[in-house]
Every structure is written in structure tokens, then in C-alpha cells.
Amino acid sequence: MEKGKQKSVQQNMIYNTFGTLVYYFCQWVITVLIVRMSGLEDAGILNLAMSVTAAPAIIGLFNIRSYQVSDLKGQYSDEVYIRSRLYTNILSFLVCLLAVIVNGYSVKKAAVILAFMCVKMAEGAADVYYGIDQKKERMDYAGISLTLRGIGSLALFCGMFYLTKNLFLAVLAMAVYSFAIVYIFDKKVSENLMDTGKEKASQKAIKSVLVTCLPLAIVAFLNNLSLTIPKIFLERYYGEEIFGIYGSVSSPTIVVQLAATTLFAPLVPVLTKHFLENKTKDFLKILGKFFALILGGTLLALILSKFLAAWALVLLYGEVIAPYTDLFIPVLFVAVLIAVNASLFSVCTLMREIKNQYIIGIAGLASSVLLSVTVVKKFSCIGTVWAFLGTLLIQIIVQMVLIVRKVRKMNGTDK
């Protein structure tokens with residue numbers, strides 16, 4: 001496959017956003033169909049698997065991609081980033097296995113959780129190749145890959161569950177297919193974009209990049225864990241059915257979250273160039289336009305939700321969800337803040353404001369635990385929303401402080 005010329009920022013945004021939305025739309029459809037095909041119990045188990053694997057998946061990613069894409073000076077070769085992902089993926093599976101053992105899940109739940117962890121590992125393997133695509137401004141490849149994985153995973157999950165009525169086998173089929181796409185498509189196209197003649201992936205280089213990104217990985221893990229703990233407490237306090245209801249109501253909001261984060265991804269190389277060249281005005285102009293877009297999109301989503309959310313949720317899940325439709329708009333705010341938080345995290349990373357982000361992770365985790373054992377326990381689903389909002393607002397404020405301080409240094413106003 002030929003390299004071809006770089007795509008424009010707008011083209012990369014379109015390709016990346018389209019592919020990501022297709023992929024996660026298909027993932028969301030799975031959460032809807034499992035309710036229809038099997039009921040709230042299996043839906044609760046699937047949502048539990050998604051929640052439990054979220055934090056280990058962050059370990060698999062190790063947040064290396066943010067560093068990889070902003071590594072415009074070529075500190076590490078593409079091969080180093082690829083090889084490092086093998087080690088982090090193995091580590092992520094072991095952490096997930098430990099979480100399953102510590103929590104004492106039943107065999108049925110454990111099997112589904114570990115199978116879904118394999119799906120997340122495939123996502124992690126693809127992510128490092130997407131980093132190469134993004135750095136070379138060829139996110140059309142990532143968009144195609146995400147589309148293929150999304151549609152194929154949905155078809156295989158539904159087909160396998162229809163034939164076997166076994167949730168574990170359906171999730172396992174998704175995992176096998178996802179890995180196949182990574183090695184048949186992603187590996188091939190990305191290798192054609194890789195820089196040749198650079199250092200091989202020596203153990204020394206792999207160790208170096210992992211040590212360099214360790215603070216990012218720890219903070220990303222803590223951030224994700226802080227957004228997992230309230231849901232785990234919800235399941236513990238109120239059971240699988242209420243947990244399944246919360247997951248069903250909140251799953252459509254992933255569209256807002258993903259639209260924001262995928263639109264931001266192609267901006268990272270551009271923002272990095274402006275930062276390295278000390279072009280503060282251009283840097284802030286891009287950030288301002290992006291967050292103005294987020295604000296406009298949020299207002300539109302709120303208006304549509306006010307008139308359509310209750311009807312759409314009942315249409316999707318049936319009358320069983322009707323008493324809980326008022327939860328949708330609060331959950332929508334959570335999705336928007338998650339997207340803002342993730343975007344600011346990328347900005348802090350490209351600015352190499354890394355070690356100070358420990359404050360973000362620790363503050364978020366403390367807030368999450370405190371709110372989980374209080375408002376989640378007392379107020380169920382809406383308490384879970386409040387736990388998320390409190391945690392995210394703390395993290396966003398800290399990141400804004402770090403970014404403003406760095407911008408002041410760029411301007412020479414922080415003596």
C-alpha cells in the first residue's frame with residue numbers, strides 16, 4: 001500500500017471521527033441488543049465487564065500514544081513504541097485477572113470479563129499503529145480500521161449469541177476478530193508509514209520509553225479508576241439489574257464523548273508544533289475554537305435530549321427503562337466532562353507537564369472513593385452521576401491550572 005500524501009487536519013478529523021463513531025456505535029448497539037436478546041442480567045454482566053476492564057485497559061495503553069504522537073523530534077523509533085505495547089498489553093491482562101480474583105466474581109462473570117479484556121487488548125494493539133498513522137497525518141487508515149472492527153465485531157457478537165445463547169462465546173468471537181484486523185490491516189498499512197533506518201527496538205530503548213511514560217500511565221490509570229469505582233459500588237450496593245439500567249441509559253451519551261475526543265486527536269500534532277515553536281497565539285486559538293465547538297455541541301445535545309431522550313430510550317429498551325429516563329441529561333453532562341478532561345490531559349502531555357499530573361490522579365481517586373461510599377450508596381444511579389461530576393470537575397480545574405501556568409511560561413510572564 002502506498003504512503004500517499006498527508007491528509008489535511010479537516011480530512012483527518014472526518015476520517016477519525018467517522019471511524020471512531022462507527023466503532024463505538026456498534027459497541028453501543030451490542031449493549032442494546034443484549035437487553036433485547038437476553039434481558040437485564042446479561043446486560044448487567046456485559047456492562048460489568050466493560051467497567052472492570054476499563055482501568056486495566058489504560059495500563060495496556062500506558063498513555064504512550066499521547067507521547068508518541070507528540071514525539072516530533074523522533075526520540076524513539078516507531079518500532080520501539082510497537083514493541084513496548086506488547087509488554088503493556090500482557091501487564092494489563094494480568095492486572096485484570098488479579099481484579100477478577102480479588103473481587104471474587106463468579107465463573108460466568110469472570111469468563112466474560114477476561115474475554116472482554118482480550119477485546120481491549122486488541123484495541124491497545126491497534127492504538128499504537130493508529131499513533132503512527134496520526135503522526136504521519138494519515139488517519140484515514142485508522143478510520144477504515146475502526147469501521148471494519150466495529151461492523152465485524154457487531155455481526156460476530158450477534159451471530160454467536162444467537163447460535164449459542166452464551167455471552168462468553170459471543171465476546172470471545174469479538175476478541176478473535178479484532179486481533180485479526182490488527183494484524184491483517186493495521187500492521188500492514190502502518191509499516192508502510194514507518195520511518196526506516198532508525199534504531200531497532202532494543203530492550204534499553206523499550207525500557208526507556210516505558211520509564212518516561214510511567215507517570216502518564218499511572219495518572220491515566222488513576223483517572224480511569226476514579227471513573228470506574230462509582231459504577232462498581234453501584235453494582236455492589238444495588239445489584240446487576242440497576243447497574244444494567246444505568247449502563248443502558250448512559251451508553252448513548254458515548255456518542256458525545258467520542259465525537260469530542262476524536263475531533264481533538266488530529267489537533268495534537270498541530271498543537272505540538274505551535275508549542276515547540278512558542279506560537280502562543282496560534283496554540284490558544286486552536287484550543288479556543290475546539291472548546292467553543294464542544295460548547296455548541298453540548299447545547300445542541302441538551303436541546304435534542306429534552307425532547308427526544310425519553311421517547312428514544314423507551315423505544316430502544318422497552319418500558320422497563322421508562323422510570324429512569326430523567327437520568328439521561330445528567331449523564332450527558334458527565335460524558336461532556338469526560339471528553340473535556342481527556343482533551344486537557346493530552347494538552348498537558350504535549351506540553352510535557354507530566355509529573356505534576358499526579359495531583360490530578362490522586363485528587364480524582366480520593367474524590368471518587370469518598371463520593372462512592374456516600375452519595376452512590378445513598379442515592380443509587382443519580383448518586384453515581386454526582387460522584388462522576390465531582391471527580392471530573394476537580395481533575396479539570398487542576399489541569400487548567402497546569403496549562404495556564406505553562407502558557408504563561410511560554411509568554412515569559414511567569415518569572
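The values are calculated or read from the model by the stated rules, or taken from the named source; none is laboratory data. Keep in mind it's a predicted model, so treat the numbers as computed, not measured. All Cβ positions, glycine included, derive from the backbone under ideal geometry; neighbour counts span all protein chains shown.
The single condition from (1) touching a residue at least 40 places away in the same chain (Cβ under 8 Å); (2) out of contact with any Ser or Thr (no Cβ under 8 Å at 6 or more places or on another chain); (3) farther than 23 Å from V347 by Cβ that V270 fails is (3).
Residues in region 310-329: is at least one assigned to a helix (DSSP H, G or I), closer than 21 Å to L61 by Cβ and not hydroxyl-bearing (S, T, Y)? No, there is no match, as no residue in region 310-329 is assigned to a helix (DSSP H, G or I), closer than 21 Å to L61 by Cβ and not hydroxyl-bearing (S, T, Y). Checked across region 6-17, the condition of being in a loop (DSSP other than H, G, I, E, B), farther than 22 Å from V320 by Cβ and either touching a Pro at 6+ places or on another chain (Cβ under 7 Å) or modelled with pLDDT of 85 or more (or both) holds for no residue.
The condition (being modelled with pLDDT of 90 or more, in contact with a helix residue (DSSP H, G or I) (Cβ under 6 Å, 6 or more places away or on another chain), assigned to a helix (DSSP H, G or I) and not aromatic (F, W, Y)) is satisfied by just one residue among V268, V256, V336: V336. Figure legend. Inter-residue proximity from region 284-299: first residues without any contact (Cβ under 8 Å) to a residue 40 or more places away in the chain, second residues buried (at least 17 other Cβ atoms within 10 Å of the Cβ), beta-carbon distance below 8 Å, spacing 6+ or different chains. Indicated pairs: I286/L267; I286/L271; I286/H274; L293/L263. Screening region 134-157 for residues that are at pLDDT below 95 and more than 14 Å from I181 (Cβ to Cβ) and picking the one that is surrounded by the most Cβ atoms within 10 Å (Cβ to Cβ) gives M139.
Could you please let me know if I354 is closer than 27 Å to I232 by Cβ, surrounded by 14 or more Cβ atoms within 10 Å (Cβ to Cβ) and within 23 Å of the chain's Cα centre (by Cα)? Spelling it out, it is not the case that I354 is closer than 27 Å to I232 by Cβ, surrounded by 14 or more Cβ atoms within 10 Å (Cβ to Cβ) and within 23 Å of the chain's Cα centre (by Cα).
Restricting region 313-351 to residues that are among the small types (G, A, S) and surrounded by 15 or more Cβ atoms within 10 Å (Cβ to Cβ) leaves a set whose member that is nearest to G244 (Cα to Cα) is A335.
Let's see how each residue does on (1) farther than 27 Å from T384 by Cα; (2) not small (G, A, S):
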{"position": "Q11", "(1), (2)": "yes, yes"}
{"position": "I14", "(1), (2)": "yes, yes"}
{"position": "L40", "(1), (2)": "no, yes"}
{"position": "V52", "(1), (2)": "no, yes"}
{"position": "R65", "(1), (2)": "yes, yes"}
{"position": "S70", "(1), (2)": "yes, no"}
{"position": "Q75", "(1), (2)": "yes, yes"}
{"position": "I82", "(1), (2)": "yes, yes"}
{"position": "R85", "(1), (2)": "yes, yes"}
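In this structure, G74 does not qualify as modelled with pLDDT under 95 and under 20 Å from A49 (Cβ atoms). Note on region 49-98: residues that are of a type in the set (A, V, I, L, M, F, W, C), under 16 Å from the mean Cα position of the chain (by Cα) and under 22 Å from L167 (Cβ atoms) total 6.
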